[in-house]
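Okay, structure first, notes after.
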Amino acid sequence: MGHTVLVCDDAIFMRTMIADILTAAGYEVIGEAETGVQAVQKYRELKPDLVTMDIVMPDMGGIDAVREICKDDPDAKVLMCSAMGQQALVVEAIQAGAKDFVVKPFQPSRVLEAVQRVLG
Amino acid sequence: MDLAKYAALFVSESREHLQSCNQLLLAWERDPQAQAPVDGLFRAVHSLKGMAATMGFTPLAELAHRAENLLDAVRAGRLAVKPEHFELLFRSVDELEDGVARATTGKGLRAEAASLVKALDAAVKKGAQGAQGAPGKGAQGAKGAKGAGDKGAEGARDERPSLDVKITVRSDAMLRGARALLALRKAEGLGEVSRVAPQASELEREDFDGRLAFRIRTSAAPSEVDAVVRSAGDIAGVAIDLASDEATVDAAALRQIRIDLTRLDALMKLAGELVVARNRLVELARASTDPELGQVGERISRLVGAVQAEVLEARLTPVREVFDRFPRVVRDLARDLGRQVRLEVEGGDIELDRAVLDEVADPLVHLVRNAIDHGIEPPGERLKAGKAAEGRLRLSASRERNSVAIRVADDGRGIDRAKILAKAKADGLVDAAAESLADDQLLRILSRSGFSTAAVISGVSGRGVGVDVVMTRIRQLGGAVELVTEAGQGTAFVLRVPLTLAIVRSLLVQVGAERYVVPLNYVSETIEFSATPITALGNREALVIREQPVPTVHLHQLLSIAGAVTSGRRPVLVVQVGERRSALVVDALLGQQEIVVEPFDAPRGMPGWFSGATILADGAPALILDAAALV
């Protein structure tokens, strides 16, 4: 069985796309979250091997969600999904504990590279 | 530790932080949901607090601390930002700015600071009551944002070797700063990291160049460090060296040092005096028959030229330093006067001698105020005139040969020529028969000190427009002012100033027994009088130069000099300022010389044809002709 993944993004479109890329590569998407609060809850519940995390989400943004998740589990493997021009936010996310990041618009190969790096 | 020697550094760095605070506040006010400005503000105020506390300026540190609390509350989501918070923060920045200046003279904060501290506290408290149960998460961000670089200083004896690591993120990678930070985080897993350059805050900049250096004390082999750093992805290159010496200054620190501006001023003055002495030496060498003196003279001449160029280079400052204060000025003025104004800034990278830039700042503030007060109409009036409610104000700089043109242009109502003309006629400034005023005539009238423009241009403000002040300041710099205005379309002022004040390449001319200096900046060519066709332009004599009439100015007449040459072939200097030209007729050209402009207080009653004075190579004083006054 492949590694398990929790996909967090407030847009169904983005969640679907990320899930498709990962599923096609043999990963198992075991949950989705559309707010930061949900992301933290589902992480505790599902203990996935990897989390993909959007930065801007309603009800606790991605950066705070990373902070919460890493407080519980410093080894949590969180991959930030950012857009161009969000350098400062990504820097903050990494300082909060995110392990890597990908930049929208996504290229499947870049996403998979990053996932492999994070899962080591 | 003697803190006094850090005072200058404290002031300059604090001002930088506060300048950026103003920028960030403006950005935040435009987009209250944006996170980046809040973070930037938090960091800037936090740094200021730390510096002020270190310097022992407790009240200043205290005020910064309260402002930081408010920012922290917003960052952490404990407080929803409201317009009154922006106002509080703007006031805090003003107060901090003022406090920084006062602190170094041993004074505390102004009395208003106390009420500000209370207001900041109240705002934070109000927020806390509104959103209880949300634990303070914000502080963590601040801790996390601190550089990882400080750890290495602890731990007395560590036998592990130190490695200097330089990494380069691939140029096509996205968010290179974030990538570099990831690499740094990976390295931190191997040992103690120190001397990180650039600082973490630099990594957040979109123009980060992808290069990061740090030192790591680790038992891992260099090859292992290399592999771990590369595992961050998108790394183009890694260079690892055994740290040669713990005391090595890091490269970034070597590249730049701060210099007290007064030192540069002193250096510039000395370079100027060196130029004068050099000129004297060259003259002596020329008169002498000793070939060796000639050679030494020439060598010294070249060296002095190089010194002068280097000093000037060191003094060049981007006009952004002055432009940066305008977003705030414009915002405040627009608010106070009930205008909507969009400020566009261009050419901030253009560089000017610091001294020139300092002199230009005030006139620019005058012009920007005028544009908003008298130029740009209130929104209602604009809409009625078929314009957008929001007025546009453009501030731009561009380089023109040896000068820099700074433009302040608005799209407001324009200057009312008819009213100015009527007033000028009433004051006897123009011929009663005149029917219209060209832009340059208009400028000349506006810049007469005492011309009561406020009553004429607008009934809104009781303040004088101060064009005369602008004109005087710019002329003193050897610069020129130009005005273009069109009813209903707007007004533009162009300030042309020389790149540097201190040393001006000039042409030395003779009229009768007198010698005068004309800055070469404004001399477009030299021709010969009586070899050039003469015509009339209005009621003035003019020369025809390439089919264009250029009015003549006979200097001996203008300056009432007896014994001048009044017939035959004489040299003519064509002086050009902006679009305007005139042909100066003189007795003789004595050659080029670099002159040092000396401060000049014109005695009362002296005609306004001079912009300054100088000492010539032979030690005699001479007056500098003001090109702008002659065209």
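Within the stretch B:545-564, which residues are surrounded by 11 or more Cβ atoms within 10 Å (Cβ to Cβ), part of a loop (DSSP other than H, G, I, E, B) and out of contact with any helix residue (DSSP H, G or I) (no Cβ under 8 Å at 6 or more places or on another chain)? Across the stretch B:545-564, the qualifying residues are B:559, B:563. Residue B:33 falls short on exactly one of the conditions (1) without any contact (Cβ under 8 Å) to a residue 12 or more places away in the chain; (2) under 20 Å from residue B:108 (Cα atoms), and that condition is (2). Out of all the residues in the stretch B:232-247, is one or more within 41 Å of the chain's Cα centre (by Cα), within 14 Å of chain A (Cβ to nearest Cβ) and farther than 19 Å from residue A:93 by Cβ? Yes, the stretch B:232-247 contains at least one residue that is within 41 Å of the chain's Cα centre (by Cα), within 14 Å of chain A (Cβ to nearest Cβ) and farther than 19 Å from residue A:93 by Cβ.
Among the numbered conditions (1) more than 11 Å from chain B (Cβ to nearest Cβ); (2) among the polar types (S, T, N, Q); (3) within 21 Å of residue B:39 (Cα to Cα), the only one that residue A:87 does not meet is (1).
The condition of being within 11 Å of chain B (Cβ to nearest Cβ) and either touching a Leu at 6+ places or on another chain (Cβ under 9 Å) or over 17 Å from residue A:35 (Cα atoms) (or both) holds for residue A:92. The single condition from (1) modelled with pLDDT of 95 or more; (2) within 12 Å of another protein chain (Cβ to nearest Cβ) that residue A:6 fails is (2). Counting the residues of the stretch B:209-231 that are among the acidic types (Asp, Glu), outside any helix (DSSP H, G or I) and more than 14 Å from every other protein chain (Cβ to nearest Cβ) gives 0.
The listed residues are B:158, B:234, B:164, B:226, and the only one of them that is modelled with pLDDT under 85 and either surrounded by fewer than 22 Cβ atoms within 10 Å (Cβ to Cβ) or charged (D, E, K, R) (or both) turns out to be B:158. Could you grab me the full set of residues in the stretch B:98-113 that are assigned to a helix (DSSP H, G or I) and either more than 14 Å from residue B:65 (Cβ to Cβ) or within 14 Å of another protein chain (Cβ to nearest Cβ) (or both)? Hits for the stretch B:98-113 are B:98, B:100, B:101, B:102, B:103, B:112.
Within the stretch A:97-118, the set of residues being at the interface with another protein chain (Cβ under 10 Å from one of its Cβ atoms) and either assigned to a loop (DSSP other than H, G, I, E, B) or surrounded by fewer than 20 Cβ atoms within 10 Å (Cβ to Cβ) (or both) comprises A:97, A:98, A:99, A:104, A:110, A:113, A:116, A:117.
One line per residue, one yes/no per condition, for (1) modelled with pLDDT under 85; (2) in contact with a Ser or Thr (Cβ under 8 Å, 6 or more places away or on another chain); (3) farther than 22 Å from residue B:205 by Cα:
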position	(1), (2), (3)
B:27	no, no, no
B:72	no, no, no
B:79	no, no, yes
B:84	no, no, yes
B:91	no, no, yes
B:98	no, no, yes
B:104	yes, no, yes
B:107	yes, no, yes
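Considering only the stretch B:408-515, give the helices (runs of 4 or more DSSP H) lying wholly within it that have at least 1 residues that are at pLDDT 80 or above. Of the helices (runs of 4 or more DSSP H) lying wholly inside the stretch B:408-515, those with at least 1 residues that are at pLDDT 80 or above span B:417-426, B:439-446, B:467-476. Being in contact with a His (Cβ under 9 Å, 6 or more places away or on another chain), surrounded by fewer than 23 Cβ atoms within 10 Å (Cβ to Cβ) and either more than 14 Å from chain B (Cβ to nearest Cβ) or among the aliphatic types (A, V, I, L, M) (or both) is a description that applies to residue A:48. The set of residues from the stretch B:376-429 being farther than 15 Å from residue B:495 by Cβ, exposed (fewer than 14 other Cβ atoms within 10 Å of the Cβ) and under 32 Å from the mean Cα position of the chain (by Cα) comprises B:388, B:389, B:401. For the stretch B:167-194, a residue qualifies if it is assigned to a strand (DSSP E or B) and crowded, with 22+ Cβ neighbours inside 10 Å, and the qualifying residues are B:167, B:169, B:193. Among the residues in the stretch B:300-308, are any touching a Phe, Trp or Tyr at 6+ places or on another chain (Cβ under 9 Å) and aliphatic (A, V, I, L, M)? The answer is no; no qualifying residue exists. Filtered by the rule that a residue be assigned to a helix (DSSP H, G or I), crowded, with 19+ Cβ neighbours inside 10 Å and either out of contact with any helix residue (DSSP H, G or I) (no Cβ under 7 Å at 6 or more places or on another chain) or modelled with pLDDT of 90 or more (or both), the stretch B:317-329 gives a lone residue, B:323.
To keep it simple, each residue is scored yes or no on (1) buried (at least 23 other Cβ atoms within 10 Å of the Cβ); (2) assigned to a helix (DSSP H, G or I); (3) more than 14 Å from every other protein chain (Cβ to nearest Cβ).
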position	(1), (2), (3)
B:41	yes, yes, no
B:46	no, yes, yes
B:53	no, yes, yes
B:63	yes, yes, yes
B:69	no, yes, yes
B:80	no, no, yes
B:89	yes, yes, yes
B:96	yes, yes, yes
B:117	no, yes, yes
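Given the criteria more than 12 Å from chain B (Cβ to nearest Cβ) and out of contact with any helix residue (DSSP H, G or I) (no Cβ under 6 Å at 6 or more places or on another chain), does residue A:16 qualify? So residue A:16 passes the test.
The residues in the stretch B:330-370 that are in contact with a Ser or Thr (Cβ under 7 Å, 6 or more places away or on another chain) and in a helix (DSSP H, G or I) can be counted, and the count is 3. For beta carbons closer than 7 Å, sequence separation of 6+ or different chains, a first residue in the stretch B:194-208 that is more than 9 Å from every other protein chain (Cβ to nearest Cβ) and a second that is outside any loop (DSSP other than H, G, I, E, B) and of a type in the set (Gly, Ala, Ser), the qualifying pairs are B:194/B:149; B:194/B:152; B:195/B:149; B:196/B:148; B:196/B:149; B:197/B:213; B:197/B:252; B:198/B:252. Taken across the stretch A:14-23, residues that are surrounded by 16 or more Cβ atoms within 10 Å (Cβ to Cβ) and of a type in the set (Ser, Thr, Tyr) do not occur at all.
The values are calculated or read from the model by the stated rules, or taken from the named source; none is laboratory data. What you see is a predicted model, and the numbers here were worked out from it, not measured in a lab. Positions of Cβ are backbone-derived with ideal geometry, glycine not excepted, and every protein chain shown enters the neighbour counts.
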